[in-house]
Amino acid sequence: MKIGVLALQGDVREHRAALSECGASPIEVRTTQDLSGLDALVLPGGESTTLSLLLGSSGLWDAIQERLRDGMPAFGTCAGMILLAKEISDGRADQQPFAAIDIGVRRNGYGRQLDSFETDLAVEGLDAPMHAVFIRAPVVERTGDGVEVLATQSGDPVVCRQGAVLVSSFHPELSGDGRLHNLFIQGV
Ligand code: GLN
């Protein structure tokens, strides 16, 4: 299975490693040509405002939007979740979301004192809790009717799925636990 990893900025290498461990073939996506033939796309953690700018200047924004509209499965972690959301609060004024999943997120929503933290979370579909690394993570402030919440942290959704689109506020790619990547691949 050919899974693209958006490779403009962020923790691309870690996602590649997690996908390889799951038996998929990760492909780095930097240009519109890199998208052809992909079965799915991973949008990594990083800085969503920078990613938005680079997506625009590379022409990838339009190309990815088209593939998402055609139903390409996507997995976004942290900044990747922000890009896939329908509404972004505290983003750049010109930051355009893909609106691939019906959620509203607030960038850096966990506040300064909780900028970064780690915890163990029960995730629906996984046999045992998962270690979750949150780094200036977005808070999910709204979920639409069609969205499944697979995990929560202090009452807020942190893993959500709608159809073929999976998102997490934290970084499963940083904890050496490939089970969420595996769950995504199962659905592709
Ligand atoms: N706060 C970052 C943003 O707004 C996301 C942080 C992350 O991906 N670790 O894009």
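The values are calculated or read from the model by the stated rules, or taken from the named source; none is laboratory data. Everything numeric here is computed off the predicted structure, so don't read it as measured data. Glycine gets a Cβ as well: all are built from the backbone with ideal geometry, and neighbour counts include every protein chain shown.
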(message) I need a count of the residues in segment 112-131 that are within 12 Å of the ligand (Cβ to nearest atom) and of a type in the set (G, A, S).
(response) 1
(request) Determine which member of the set G76, G80 is within 16 Å of the ligand (Cβ to nearest atom) and in contact with a helix residue (DSSP H, G or I) (Cβ under 6 Å, 6 or more places away or on another chain). (result) G76
(request) Could you identify the single residue in A132, A137 that is part of a loop (DSSP other than H, G, I, E, B) and touching a helix residue (DSSP H, G or I) at 6+ places or on another chain (Cβ under 9 Å)? (result) A137
(request) Can you confirm whether segment 65-88 contains a residue that is buried (at least 17 other Cβ atoms within 10 Å of the Cβ), free of Cβ contacts under 8 Å to residues at least 40 places away in the same chain and more than 21 Å from F184 (Cβ to Cβ)? (result) no
(request) Kindly establish whether V167 is surrounded by 17 or more Cβ atoms within 10 Å (Cβ to Cβ), touching a strand residue (DSSP E or B) at 6+ places or on another chain (Cβ under 8 Å) and not in a loop (DSSP other than H, G, I, E, B). (result) yes
(request) Residue by residue through segment 140-162, note down the ones that are outside any strand (DSSP E or B) and surrounded by 17 or more Cβ atoms within 10 Å (Cβ to Cβ). (result) V147
(message) Considering only segment 27-34, I want to know if a residue exists there that is under 20 Å from A100 (Cα atoms), within 11 Å of the ligand (Cβ to nearest atom), modelled with pLDDT of 95 or more and in contact with a Leu (Cβ under 7 Å, 6 or more places away or on another chain).
(response) no
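Let's see how each residue does on (1) among the hydroxyl-bearing types (S, T, Y); (2) modelled with pLDDT of 95 or more; (3) out of contact with any Phe, Trp or Tyr (no Cβ under 9 Å at 6 or more places or on another chain); (4) under 30 Å from Q33 (Cβ atoms):
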| site | (1), (2), (3), (4) |
| --- | --- |
| L68 | no, yes, no, yes |
| L84 | no, yes, no, yes |
| G144 | no, yes, yes, no |
| P157 | no, yes, yes, no |
| R179 | no, yes, yes, no |
| N182 | no, yes, yes, yes |
(request) Examine segment 86-109 for a residue that is part of a helix (DSSP H, G or I) and away from the ligand (no atom under 14 Å from the Cβ), and state whether such a residue exists. (result) no
(message) Just the residues that are surrounded by fewer than 19 Cβ atoms within 10 Å (Cβ to Cβ), within 17 Å of F184 (Cβ to Cβ) and in contact (Cβ under 8 Å) with a residue 24 or more places away in the chain, please, taken from segment 1-21.
(response) M1, K2, A17, E21
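Listed here are the residues, each with its yes/no results for (1) out of contact with any helix residue (DSSP H, G or I) (no Cβ under 8 Å at 6 or more places or on another chain); (2) over 20 Å from I101 (Cα atoms).
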{"site": "A151", "(1), (2)": "yes, no"}
{"site": "G155", "(1), (2)": "yes, no"}
{"site": "L166", "(1), (2)": "no, no"}
{"site": "S175", "(1), (2)": "yes, yes"}
{"site": "G178", "(1), (2)": "no, yes"}
